[in-house]
Amino acid sequence: MNRISYLLPLSVLLMAILPANGYAGATWTYSLPVNFRCDNGVTTMGYSVYVEGNTKELGNDKAAEAFKLTPSAYPSWTGKVTFLNLKPDDVVTWKCIIRNETNPGDVKDEGPENNVTLSFKSTPQATASF
């Protein structure tokens, strides 16, 4: 009898939460991380290394909205970016840039374009160099 007293409120709660027509309108949002590393990012005062790319998280190819990395073992810079609304096996195009911190339009240097494939299995390591 004790188990039934727990199951009854739980079943009522589940029925209230789940839509009446099942999962017909369900959508899935993926959260896929990538570890970025830019090597040989030698900067001067007021400049930092950023990752610029073709997604919202990387600024939609706009230097002013790029993702700022952190110096790890200078002159290497690293950062973890989590991509939303993309799927496993989607390819993200990206590059390292050295940008002025206060004037985002002042890009001092940029590396070549690279690609990284998003994955569920393990966090991709995306590495490039200037």
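The values are calculated or read from the model by the stated rules, or taken from the named source; none is laboratory data. Bear in mind the structure is a predicted one, so any value in this text is a computation, not a measurement. For neighbour counting, all protein chains shown are included, and Cβ atoms are generated from backbone atoms with ideal geometry for every residue, glycine included.
Observations on the model:
- Residue match in the stretch 79-88 (condition: aliphatic (A, V, I, L, M), in a loop (DSSP other than H, G, I, E, B) and surrounded by fewer than 12 Cβ atoms within 10 Å (Cβ to Cβ)): no
- Residues in the stretch 45-73 that are of a type outside the set (G, A, S), assigned to a loop (DSSP other than H, G, I, E, B) and free of Cβ contacts under 8 Å to residues at least 12 places away in the same chain: M45, N60, D61, K62.
- Qualifying positions in the stretch 89-130 - in a strand (DSSP E or B), aliphatic (A, V, I, L, M) and either within 15 Å of N54 (Cα to Cα) or modelled with pLDDT under 95 (or both): V91, V92, I97, V116, A126
- Between N85, N114, the distinction of being closer than 18 Å to C38 by Cα and of a type in the set (S, T, N, Q) belongs to N114 only.
- Meets criteria (in contact (Cβ under 8 Å) with a residue 40 or more places away in the chain and in contact with a Pro (Cβ under 6 Å, 6 or more places away or on another chain)) for K87: no
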